[in-house]
Amino acid sequence: MQIHIDTEDQLERERIIQRLLYSLNARREDIDSMRLSLIPIYDTLGSRLYRCKLRATLRNGRVIEQDETQSSCDLAVSRALERCARTSRRRLYQPEQSRIV
């Protein structure tokens with residue numbers, strides 16, 4: 001699995017790597033590449049938030065894109081990675097079904 005992490009802080013990069021190893025350990029063979037970026041932003045009240053954008057390419061060529069904004073950088077990364085793991089499991093191991101709207 002190829003991993004690209006876009007962040008400004010080296011300490012954040014190390015924490016993200018540890019979270020990646022923990023959260024996606026069982027999905028390592030299912031994901032070909034991943035790009036994760038962590039961007040500090042400010043809301044309308046001036047509070048600092050963290051936006052985690054994740055893009056993963058699965059072994060069957062499908063793409064997962066997650067966008068999570070939280071008050072803590074660890075929480076934003078954790079939630080995006082958990083969603084990515086659940087989505088990859090659904091997309092790889094369940095047959096395609098047409099949605100009835």
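The values are calculated or read from the model by the stated rules, or taken from the named source; none is laboratory data. From a predicted model like this one, the values you see are computed outputs, not experimental measurements. Cβ atoms come from the backbone with ideal geometry, glycine included; neighbour counts cover every protein chain shown. Note: accessible area is taken over every heavy atom of the protein model, side chains too, but ligands, DNA and RNA are not part of it. Shrake-Rupley method; radii C 1.70, N 1.55, O 1.52, S 1.80 Å.
Angle of helix 10-23 to the longest C-alpha principal axis of the chain, folded into 0 to 90 degrees and rounded to 10: 30°. A simple spin-label model places the labels of residue 71 and residue 10 3.1 nm from each other, with each point 7 Å out along Cα-to-Cβ. Give the label of the value calculated from the structure for Cα Rg over 2.2 N^0.38 Å, choosing from (1) 1.09; (2) 1.15; (3) 0.98. Structure-derived value, by its label: (2).
Of all DSSP beta bridges in the range 1-56, what percent run antiparallel (nearest 5)? Write out the running numbers ahead of the final one.
Values: 9 of 14 bridges.
Percentage antiparallel, nearest 5: 65.
Share of carbon and sulfur in the accessible area of the chain stands at 45%, probe radius 1.4 Å.
For the chain, what is the relative contact order in percent, using Cα pairs closer than 8 Å and at least 6 residues apart in sequence?
Details: 158 pairs, mean separation 24.1, N = 101.
Over the chain, the number comes to 24 percent.
For trypsin sites (Lys or Arg not before Pro), the sites in the range 1-49 that DSSP calls loop and that have at most 16 other Cβ atoms within 10 Å are 28.
What the chain shows is 68 Å² of accessible area per residue, with the surface traced by a 1.4 Å probe over protein heavy atoms.
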